[in-house]
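Structure record follows, encoded as structure tokens.
Laboratory data are not the source of any read-out in this text; all were calculated from the coordinates shown. Since the model is a prediction, treat every value here as computed from it, not as a measurement. Because the Cβ atoms are built from the backbone with ideal geometry, glycine has one as well, and the counts that use them run over all protein chains shown.
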Amino acid sequence: MEEFKNRPFFSFDRNYSIKTFFKEPNKYEELEKISKDNDKLISSGSNLSYSPLSFGENTLSINFKRFNKILDFDLEKKEITVESGITLAEFLNYTLKHNLWVPQLPGYPSLTLGGIVATNSHGKSCANHGTIRNSIKNILLFHKSHGWLNLSKNENKEIFELTIGGLGLTGSIVNITLKLSNLNAQEFRTKKNYVKSLKHCVELIKSKSINENSYIYSWNRADGSEHLGEGIIFENSPEAKKEKIHLVPNTNFKYPFLPFFSLWNKISIKIANELFLNLNKLFSINKREAFTKVIFPFYGKESYFYFFGKRGFLESQLLIPDNKIDEFFDQFRFLFNKHNPNITLLSFKNMSGEQKFLRFEDTKICMTIDYTNIKKNRIFMDEIDKVCVNLSILPSIIKDSRLGRTTFESCYQEVDDFRNKLKSFDKLKIYQSETSKRLGL
Ligand SMILES: Cc1cc2nc3c(=O)[nH]c(=O)nc-3n(C[C@H](O)[C@H](O)[C@H](O)COP(=O)(O)OP(=O)(O)OC[C@H]3O[C@@H](n4cnc5c(N)ncnc54)[C@H](O)[C@@H]3O)c2cc1C
């Protein structure tokens, strides 16, 4: 068993760091012993969450990296049971051989399935396929006080519901049984549509998301008020090809030296935006693209994150109700003109589902914004928080490491229900992270 004491941990956005402890068991008995010997625990996968979800002060992080086996596969039933530390790359290298996968996979190959289940993550086609919740059949959980528990819709239903998107607070997810879907595609056909404004973009995304086999999202400019919202909508549809896909399950985020200052500033953002837009307008509006490029858009482009340097960045992801979108855009534009924030990425997609507990899920428009980590951007984000509260917009807990308890409690209607149910399951609040403490969970 690997063990580290006082090792520095960073949230993926680098906005929070702390020296903490972690252990990496590779046997079930080791997991039981670690859990027995420590008072405060939290499970961790690849620790690639933007927010500090898998570590915290005076908490031991249990890393599930060595629990990465495929335990059972039933081709006829289209079901697979895996250990929770398996990465998406390891998982897909196995299932894609059988033209099967799970359509709700988030965008990087070294994320683990345990992390994805505990954050109820989603993929590119969330307008049609919703979040990972829709593909989960069974979970095997280990809890310091309750021991081994089987969770499903028929067994320990309440804990099953709390665990999906429950940020690891109900215990350690050890195995997951997933329902698989057909995917006879090793490539995607990508169509591009030019959009001139925020409003135009959202209207087009909504009309296109009706097509069941498409993965639709946008890239929009936010480098100046005159171009705000101008951009491209990408529409990817699966296409078959003879060669099989093989993904490399490593992570490219380990930089020995990060720049002291962010290389993303007003000038570099503007140049990158102009280039990206014009290259996309110039080159084929209808072309074939590799599976990895479409499903894992940042794979091979990790330098985007490196450019933020030592101070890192901030991300905000918001779910906006259809009937509030115009009002939101008016207020967003007003605040944008007032504060002139440095936004490096703006993107939209449509999402479907039902909001419950801590889950970032609903039938709404999903907006993603990346900022450099500087004071004026934080002020802008605080102003947007107030707009979220007023317009019933849902901010993501897993993406925004700066999100405060007041905004969170105003936007998440079911937080008290989650707290009460968790408390009656685990009075001692054994599983804790920086995020759970910040949000009072
Ligand atoms: C480049 C990149 C792209 C991304 N794209 C998307 C996207 O498209 N859609 C999306 O929804 N998200 C996306 N994410 C976010 C990502 O899906 C989640 O943050 C995911 O949880 C990270 O997985 P991880 O293995 O790093 O988990 P960690 O960061 O290690 O853990 C995340 C949470 O899961 C819990 N957890 C982990 N393992 C276990 C376990 N075995 N038992 C119990 N709890 C556990 C932790 O306690 C923590 O609360 C992206 C992240 C990155 C870095």
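Charge tally around D13: other residues with Cβ under 13 Å, Lys/Arg +1 each, Asp/Glu -1 each, net +2.
Taking each of K77/K421; K266/K375; K338/K375; K324/K437; K124/K244; K27/K423 in turn, the alpha-carbon distance tops 24 angstrom for K77/K421; K324/K437; K27/K423.
When you count the other C-beta atoms within 10 angstrom of each residue and take the mean per peptide, 272-280, 69-77, 115-123, 342-350 line up highest first as 115-123, 342-350, 272-280, 69-77. Put a plus charge on the Cβ of each Lys and Arg, a minus charge on the Cβ of each Asp and Glu, and nothing anywhere else: the dipole of the chain about its Cα centre is then about 760 debye.
Volume per residue of the convex hull around the Cα atoms, evaluated for the range 187-405, comes out as 146 Å³. From the alpha carbon centroid of the range 9-60 to that of the range 404-441 is 18 Å. Around H200, what is the net charge, scoring Lys/Arg as +1 and Asp/Glu as -1 over all other residues with Cβ under 12 Å from its Cβ? Every neighbour counted, the sum reads +1. Using the Karplus relation 6.51 cos²θ - 1.76 cosθ + 1.60 with θ = phi - 60°, the per-residue 3J(HN,Hα) values for the range 125-134 come to 9, 5, 5, 9, 9, x, 10, 4, 3, 5 Hz, with x marking Gly and Pro.
Neighbours of N156, meaning other residues whose beta-carbon lies under 15 angstrom from its beta-carbon, give a summed charge of 0 when Lys and Arg score +1 and Asp and Glu score -1. Under the convention that each Lys and Arg Cβ holds +1 and each Asp and Glu Cβ holds -1, the size of the dipole of the range 187-405 around its Cα centre is about 520 debye.
All Cα-Cα distances of the chain, cut into 10 Å bins from zero to the largest, leave 4, 21, 32, 28, 13, 2, 0 percent in each bin in turn. Along the range 24-32 the Karplus relation, 6.51 cos²θ - 1.76 cosθ + 1.60 evaluated at θ = phi - 60°, assigns HN-Hα couplings of 10, x, 10, 9, 4, 5, 5, 4, 4 Hz to successive residues, with x for each Gly and Pro. Bin by bin, in steps of 10 Å, what percent of the Cα pairs in the range 78-207 do you find, going until the bin that has the longest distance? Pair shares across the bins are 12, 39, 27, 15, 6, 1.
Compared with the alpha-carbon gap, the fully stretched path from E29 to T406 is longer by 131.7 nm at 0.36 nm per residue.
Residues considered: K192, K281, K338. Largest GNM mean-square fluctuation over the chain, using C-alpha springs under 10 Å, is found at K338.
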